[in-house]
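Below is one structure, written out as structure tokens; comments come after it.
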Amino acid sequence: MDIEEINAATPELYAEVKALMDTLSPGNSFTMGQFRAVVEGESNHLFCLSEGGHLAGCATFCTYDTPLGKKGIVEDVVVRADYRGQHLGRRLLEHILGFARGFAPIDVHLTSRPSRVAANELYRSLGFDRHETNVYILPLR
């Protein structure tokens with residue numbers, strides 16, 4: 001199983017990433033244009049697990065600067081259902097955290113729904129601390 005950063009937005013890769021995003025968030029509106037923006041964005045890094053030329057999972061790592069320092073956020077971590085239970089999510093996140101160390105000092109953030117019990121256990125086992133906070137979202141369309 002290989003982990004690589006995706007640097008080119010091809011229709012074939014888009015279709016596979018879209019399928020992964022559909023398992024994470026059914027009914028999402030992920031478009032080829034958004035895929036291209038993620039892949040080509042300077043502060044975005046889409047990492048994918050692949051086997052035999054097909055994607056088994058992916059996650060996005062984005063960086064940004066604030067007055068209090070550099071921050072990174074891990075988004076959209078997903079492993080295909082038929083590959084779960086093989087610790088691939090851990091492998092993917094360990095790879096991303098190794099990559100993130102290249103930006104140190106940096107605080108890496110992520111969010112996860114409480115219902116994603118296995119994911120939350122994974123994040124704590126990797127050293128993430130759970131913070132009590134409110135997350136507010138305002139969709140501007």
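The values are calculated or read from the model by the stated rules, or taken from the named source; none is laboratory data. The model shown is predicted, which means the values in this text are computed figures rather than measured ones. Cβ placement follows ideal geometry from the backbone for every residue including glycine, while neighbour counts extend to all protein chains displayed. We work out accessible area using only protein heavy atoms, side chains counted, and drop any ligands, DNA or RNA first. Shrake-Rupley method; radii C 1.70, N 1.55, O 1.52, S 1.80 Å.
Provide the gained length on full extension for the span residue 8 to residue 111, in nm with one decimal, where the gain is 0.36 nm per separating residue minus the Cα-Cα distance.
Extending this stretch completely gives an extra 34.4 nm.
For a paramagnetic label modelled at 7 Å from the Cα of residue 84 toward its Cβ, which residues of the stretch 9-42 fall within the zone defined by backbone nitrogen distances under 14 Å?
Only 20-26 pass the distance filter.
Just to be sure I understand: if I project the alpha-carbon convex hull of the stretch 1-133 onto a plane and average over all orientations, what area do I get in nm²?
8.7 nm²
Are there any chymotrypsin sites (Phe, Trp or Tyr not before Pro) in the stretch 53-141 that are in a DSSP loop and have at most 12 other Cβ atoms within 10 Å? List them by number.
136
Just the number, please: carbon plus sulfur as a percent of the accessible area of the chain, 1.4 Å probe, no ligands or DNA/RNA counted.
So the carbon and sulfur contribution to the accessible surface is 53 percent.
Which whole-percent values make up P(r) of the stretch 8-80 when all C-alpha to C-alpha distances are grouped in 10 Å steps starting at zero?
19, 52, 23, 7, 0
Counting Lys and Arg as +1 and Asp and Glu as -1, each charge on the Cβ, what is the dipole of the stretch 71-111 about the Cα centre in debye, to the nearest 20?
So the magnitude is around 120 debye.
In nm, give the distance between the simple-model label positions of residue 25 and residue 43, each being 7 Å from the Cα along the Cα-to-Cβ direction.
It works out to 1.8 nm between the two label points.
What is the gain in length, in nm to one decimal, between residue 121 and residue 73 on full extension, counting 0.36 nm per residue of separation less the C-alpha to C-alpha distance?
Taking residue 121 through residue 73 to full extension adds about 15.5 nm, to one decimal.
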